[in-house]
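What follows is a single structure, written as structure tokens, with notes after it.
The values are calculated or read from the model by the stated rules, or taken from the named source; none is laboratory data. Because the structure is predicted, anything quoted here is derived from the model rather than measured. FYI the Cβ positions are ideal-geometry reconstructions off the backbone, even for glycines, and counts take in every protein chain you see. When the accessible area is computed, the model is the full protein with side chains, heavy atoms only, and any ligands, DNA or RNA have been set aside. Shrake-Rupley method; radii C 1.70, N 1.55, O 1.52, S 1.80 Å.
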Amino acid sequence: MNWLATNLISAPLLPPLNLILLSLAGLVLLRRRPALARVLLIASLALLTALSMPVVADRLLARLETHPALDPAQLSGAEAIVILGAGTYYDAPEYGGDTINHLALERLRYGARLARKTGLPILVSGGSPAGGKPEARLMQAALEQDFRVPVRWAETHSNTTWNNARNSHALLAAAPVRRIVLVTHAWHMPRAVYAFEQAGFSVIPAATRFSLAKTIRAMDFIPQTRGLQNSYFAMHEAIGLIWYRLKG
């Protein structure tokens, strides 16, 4: 299943579209089933409020962060660092064209740090699901030009985490590389580790950008776009992990 089809199928299950559809169902039923309609409308508003609150969203993300921060002692036997793509910042005027987005930059920063500490070679992985230059090439340019860290391999054809794993394994098998340090966001790590282990790798998780769920501030109880985005990430990862386990 390609990237576009996967996203079209999953969109109605994720905020904000799932909440919009729930409220629309309430409006459609308002005359025929007023009691049920009120329940649906109240539920959609309540869920929108809750999922937009960072105090809720950060805790949803934290439940996915099952891999702790990397312990340097775990790096024994590692043969390469694999950094996963996270999206493109299209037509960036300050860069004169496409470049990586802020999520990918967070992964690259940590991957570059690990490369300097360990001297391990880097593979970057990411295709071009929405068109344009492959994410792996944009990641390679950022690492080499901005971080002064060389990239040995660029996997440019994958549009999903599942394909990141399969295509990276095919590329690294000739090296041969089997034990990798995998760099991605903490909330994405469970799905990524599962996909890469299923592809045949021995994985050392190197998670970055953990949630702030342990620290509660007054503003965390006020609905914000950040909260809704984090709720989206949490639900997307949970659904994706279930799907991977079903097909894996």
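For the reader, a short list of remarks on this structure follows.
- Here the stretch 182-248 is treated with +1 on each Lys and Arg Cβ and -1 on each Asp and Glu Cβ, and its dipole about the Cα centre works out to around 80 debye.
- Accessible area of the stretch 68-170 belonging to carbon and sulfur atoms, whole % at 1.4 Å probe: 48 percent
- Under 17 Å of direct C-alpha separation, and excluding same-chain neighbours fewer than eight residues apart, residue 247 reaches these aspartates and glutamates: 197, 237.
- Highest-fluctuation residue, 37, 78, 136 considered, GNM on the chain with Cα pairs under 10 Å: 37
- The mean accessible area for residues of the stretch 70-115, using a 1.4 Å probe and ignoring ligands and nucleic acids, is 49 Å² per residue.
- The residues of the stretch 153-197 expose on average 35 square angstrom of accessible surface per residue, using a 1.4 Å probe on protein heavy atoms.
- Taking the chain as a Gaussian network of alpha-carbon nodes connected by springs under 10 Å, the highest mean-square fluctuation of the residues 166, 179, 152 belongs to 152.
- The stretch 71-141 versus the stretch 159-174: alpha-carbon centroid distance in Å: 15 Å
- Cβ-placed point charges (K, R +1; D, E -1), dipole of the chain about Cα centre in debye, nearest 20: 620 debye
- Lys/Arg +1, Asp/Glu -1 at C-beta; the chain dipole; positive extreme among 14, 96, 172: 14
- Among 85, 110, 230 - extreme Cα towards positive end, dipole of the chain, charges at beta-carbon: 230
- Surface share of carbon and sulfur [accessible, 1.4 angstrom probe, percent] for the stretch 16-64: 74 percent
- Cα-based Rg / Dmax (Å) for the stretch 1-49: 13.1, 41
- Mean Cα-pair separation over length for the chain, i.e. relative contact order, pairs under 8 Å, 6 or more apart, %: 27 percent
- For the chain, the longest principal axis of the alpha carbon atoms and the long axis of helix 225-247 meet at an angle near 70°.
- Anisotropy class of the stretch 77-176 from Cα gyration tensor, a/c 1.5 cut: oblate
- Sequence-distant aspartates and glutamates (8 or more away, or on other chains) whose Cα lies within less than 20 Å of residue 133: 91, 94, 98, 106, 144, 146, 155
- Structure-derived P(r) over Cα pairs in 10 Å bins from 0, in percent: which label, when the choices are [x] 7, 26, 30, 23, 11, 3, 1; [y] 7, 30, 36, 20, 7, 1; [z] 7, 27, 32, 21, 8, 3, 1: [z]
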